[in-house]
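These notes concern the structure reproduced below.
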Amino acid sequence: VLSVKGLGKSFDGRTLFEDVELDVAGGERIALLGDNGTGKSTFLKVLLGELAPDCGKIKFGPTVKWAYLPQIIHFDHPERTLLDTMLYEKGCSVQMARDRLGAYLFEGEDVFKPVSALSGGEQSRLRLCMLMDDEINFLILDEPTNNLDIQSVEIITAAIKSYRGTVLLISHDHYFVKEIKINRSIKLFDTGSVIKI
């Protein structure tokens, strides 16, 4: 699914990580663990091409279709309703949009709220609802349960538990990591500002 060789990244003369080697096989569930400030989110952004690496190679498998849930959720058109957001961005029917929204507890009149009226947890739920597509086979999540209410955490946990693809995530939530059946944890150590995996 993913192969990383000799990856390195620095900012303003500070090395965040170097010589990173990582192979991710199909169906794996991997948690990146480590203290705040060790570069976990930056590592994901480099993997996904949002930031350029200083060195190394990143190669996704030829059939991989990934989706990313960042810590901070952004919608291009927050003035749209939840239903319109699904219709425009997913190109699905009204019934399919309502069914999918309902699975994430957006029911009844809730689907006519503007996205801008949602709490942070509700926006995370909506974004995950949109990402959970049959074509996606690699989910990449950055602190998906951060600052969420209990109901949102339960919904996100259930969605990821039932997801059959590969998962790579950052989380400090030990309950969540245990519940979604992580089969490999990778600890990122801050050793003189250098991460070794």
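The values are calculated or read from the model by the stated rules, or taken from the named source; none is laboratory data. What you are looking at is a predicted structure, and each value in this text was computed from that prediction instead of being measured. Here Cβ is always computed from backbone atoms with ideal geometry, including for glycine, and neighbour counts include all displayed protein chains. Heads up: the accessible areas ignore ligands, DNA and RNA and are worked out on the full protein's heavy atoms, side chains in. Shrake-Rupley method; radii C 1.70, N 1.55, O 1.52, S 1.80 Å.
Quick notes on this one:
- Of all lysines in the structure, the ones whose alpha carbon falls short of 17 Å from that of Lys59, not counting any fewer than 8 places away in one chain, are Lys5, Lys9, Lys45.
- Percent of beta bridges antiparallel (DSSP, the chain, rounded to nearest 5): 45 percent
- Here the accessible area is traced with a 1.4 Å probe on the protein chains. For the chain, carbon and sulfur cover 50 percent of it.
- With all protein chains kept in place, the per residue accessible area of the chain amounts to 51 square angstrom at a probe of 1.4 angstrom.
- The Glu50 and Gln95 beta-carbon pair, evaluated with R₀ = 35 Å, returns a calculated FRET efficiency of approximately 0.50.
- Hits among lysines - C-alpha to C-alpha of Lys181 under 17 Å, sequence gap 8 or more where chains match: Lys161
- Degrees, to the nearest 10: 94-103 long Cα axis against longest axis of the chain: 60 degrees
- Most mobile listed residue (Lys187, Lys178, Lys161) in the chain, GNM with C-alpha springs under 10 Å: Lys178
- Counting only alpha carbon atoms, the long axis of helix 150-162 and the longest principal axis of the chain meet at about 70°.
- Estimated FRET transfer efficiency (Asp133, Gln71; beta-carbon r; R0 25 Å; 0.05): 0.75
- Each residue of segment 25-40 was assigned a 3J(HN,Hα) from its phi angle through the Karplus curve 6.51 cos²θ - 1.76 cosθ + 1.60 (θ = phi - 60°); the sequence is 8, x, x, 5, 10, 10, 10, 8, 10, x, 5, 4, x, 8, x, 5 Hz, with glycine and proline shown as x.
- Full-extension gain in nm, Ile58 to Tyr175, via 0.36 nm per residue minus C-alpha separation: 39.1 nm
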